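Student: Could you have a look at this structure, given as structure tokens, before my questions?
The values are calculated or read from the model by the stated rules, or taken from the named source; none is laboratory data. These numbers come from a predicted model, not from an experiment. We place every Cβ from the backbone using ideal geometry, glycine too, and count neighbours over all the protein chains shown. Note: areas computed on protein heavy atoms with side chains; ligands, DNA, RNA excluded. Shrake-Rupley method; radii C 1.70, N 1.55, O 1.52, S 1.80 Å.
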Amino acid sequence: MPAGAMPAAAGAPLLERLRAQPKLPLIVGAAALVAVAAAFMLWSRAPDYKVLYTNVSDRDGGAIIASLAQMNVPYKFAEGGSAILIAGDKVPEVRLKLAAQGLPKGGGVGFELMDNQKFGTSQFAEQVNYQRGLEGELARSIESIGTVESARVHLALPKPSLFVREQKKPSASVVLSLHRGRGIDEGQVSAIVHMISSSVPELDPKSVTVVDQRGNLLSTANAGARGLDVSQLKYAQEIEQGYIRRIEAILQPILGASNVRAQVAADIDFSVVERTEEKFAPNQDPRNAAVRSQQSSESAQLGATPPGGVPGALSNQPPVNPGAPIIAPRPANAPANGATPPGAATTTTATTSTAPGGPSSSRKDTTTNYELDRSIRHVQQGAGGIKRLSVAVVVNHLPGADGKARALTPAEVEQIRNLVKEAMGYSQERGDSLNVLNSAFARDGQDEPQAEVPLWKDPANIELARSIGLYLLLGVLALFAWFAVFRPLLRKHLAPPPAAAPEPAPASAAIDAEDEAGAAHLSALQREAERRQADLDYVQQTAEQDPRLVATLIKHWMNP
């Protein structure tokens, strides 16, 4: 038998079975087509995997994968195993469930290092463990802030010294990894700095450096030198927004919500002033003044030497009396520099007379101290006072009786000005300024009515048409593959062979037909001849339809 006849003989029973059941190929083809369509639908509905966690430690990664397996959540890894991916619609739910289990725990360690201290640990090892634990606890506290994804804290704790000159202050550095698309403001950075400085003894807030994952310096040592305080800026913004809301709230019911705009600039005084004043009133009338103390002295002299000298008018005149009680010669108890003490009045009276027994003189001094008018004023002014307000209000043109926009009259503008003054608490002594402008607002695309978009230009309809077109194209390709490729092949290989014409029985067979044994043998020979004739017809038909196949088969026979 030729070598190429064996495959044909082995495949003959299969072909006979397929010829016996002509509907079986159609059923197989339809099932294959349905399987392809189902596979395509499943592929199109495959979940969109998104990142669950990135840059997790090996321990946290194993715990997360074990939890995902318990929750029957499919997962896969990114390239290199740097991220764990799950279905995008399940990311928030899975994160909440893992957070309830305390995952991921993070690679940092805290004060649990101090729980397993070995016997005989040196003081240096204890200090290192304490520093590591403190750094881990601070990092965990910082990571509790919503915008911070991870944090690392580095502390530089110098050794204590007995000498004051050799003592060094500790310092700290913080590296923050923020969530994607999130930012951290100056107030949060200041809170992190003060938290770390409060957790480490003798740590100055200026010695704490905060850096983000991009290398940007978030804290500066001279932040306080700029004179900017986040709380003060927020307070000023709150004051301005409060005045804006008050002004718009009183004008919007009259003018409309979209017809008035207001802006306020507030000059806030954040200085804390403490002042003490002491004032003295001018001299008062002694008759109405309160007397603090009064002192009098009187002296007399008898038998004194008579006055002598050159006779003349000057030596015979008595001393002149004082012109005013306050301005008088220095009394006996006056200060050594000749000045009169404040609130003191001195009266001096000198009398000289000549008696029969000889000359005599007498002197009387009176010193009166009055209460002085004195006032002491202690004033402490708190921070946050408004020094000045600048308000600008723009009012749109209002619709008139004919439906067209019209400008406001001066009376209406003045009425609006008065309302704004009352709402802002206008104070001319404070130097407030107010400007009210009536002008037509510029219309943008949002205010104008949008034209109706045709159905064929609607983006939603375009996207829907694309999806439907994709499925229709796949269906047309499947039908084309069935009718143009699969169906002709099945008809070609599964077509029944043409019926062989019956051969005339030979004369010897007709003679031996009377014998029963000979008839059976003749029937077997006839069936074998029919089978061979059918094979010859099939080979002939195949050679006519596909001569290349026949040539290849003959070539194979010639070159075994």
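Student: Of Ala405, Trp482, Ile416, which is farthest towards the positive pole of the range 361-485's charge dipole, taken about the Cα centre with +1 and -1 on the beta-carbons of Lys, Arg and Asp, Glu respectively?
Tutor: Of Ala405, Trp482, Ile416, it is Ile416.
Student: Dipole magnitude of the range 368-470 about its Cα centre, charges +1 at Lys/Arg Cβ and -1 at Asp/Glu Cβ only, in debye to the nearest 20?
Tutor: 340
Student: Next question. Calculate what fraction, in whole %, of the accessible area of the range 120-167 sits on carbon and sulfur atoms when a 1.4 Å probe is rolled over the protein chains. All intermediate terms of the calculation are to be shown ahead of the outcome.
Tutor: Values: 1740 of 3360 Å².
Roughly 52 percent of what the probe reaches on the range 120-167 is carbon or sulfur.
Student: Follow-up question, since we're still on this one. Take the alpha carbon atoms of the range 390-446, find their center, do the same for the range 527-560, and report the distance between the two centers in whole angstrom.
Tutor: If you average the Cα positions of each part, the centres end up 103 Å apart.
Student: Follow-up question, since we're still on this one. Could you give the length gained on full extension between Glu528 and Leu472, defined as 0.36 nm per residue of separation minus the Cα-Cα distance, in nm?
Tutor: Fully extending the segment from Glu528 to Leu472 adds 14.9 nm.
Student: Could you work out Rg/(2.2 N^0.38 Å) for the range 115-166, with Rg from alpha carbons only? Write down the numbers at each step before the final one.
Tutor: On the way: Rg = 15.1 Å, N = 52, 2.2 N^0.38 = 9.9 Å.
Ratio of Cα Rg to 2.2 N^0.38 Å: 1.53.
Student: So, one more: What number, in nm² with one decimal, is the all-direction average of the projected area of the convex hull of the alpha-carbon atoms of the range 379-443?
Tutor: With the hull built on Cα positions only, its mean projection is 6.4 nm².
Student: With the cut-off at 30 Å, tell me which of the pairs Lys97/Lys234; Lys279/Lys387; Lys206/Lys234 have Cα atoms farther apart than that.
Tutor: Values: Lys97/Lys234 37 Å; Lys279/Lys387 27 Å; Lys206/Lys234 23 Å.
In this structure, Lys97/Lys234 exceed 30 Å between Cα atoms.
Student: Show the residues, 5+ positions off or on another chain, whose built amide H is closer than 5 Å to the amide H of Asp212.
Tutor: Distant-sequence amide H within range of Asp212: Leu176, Leu218.
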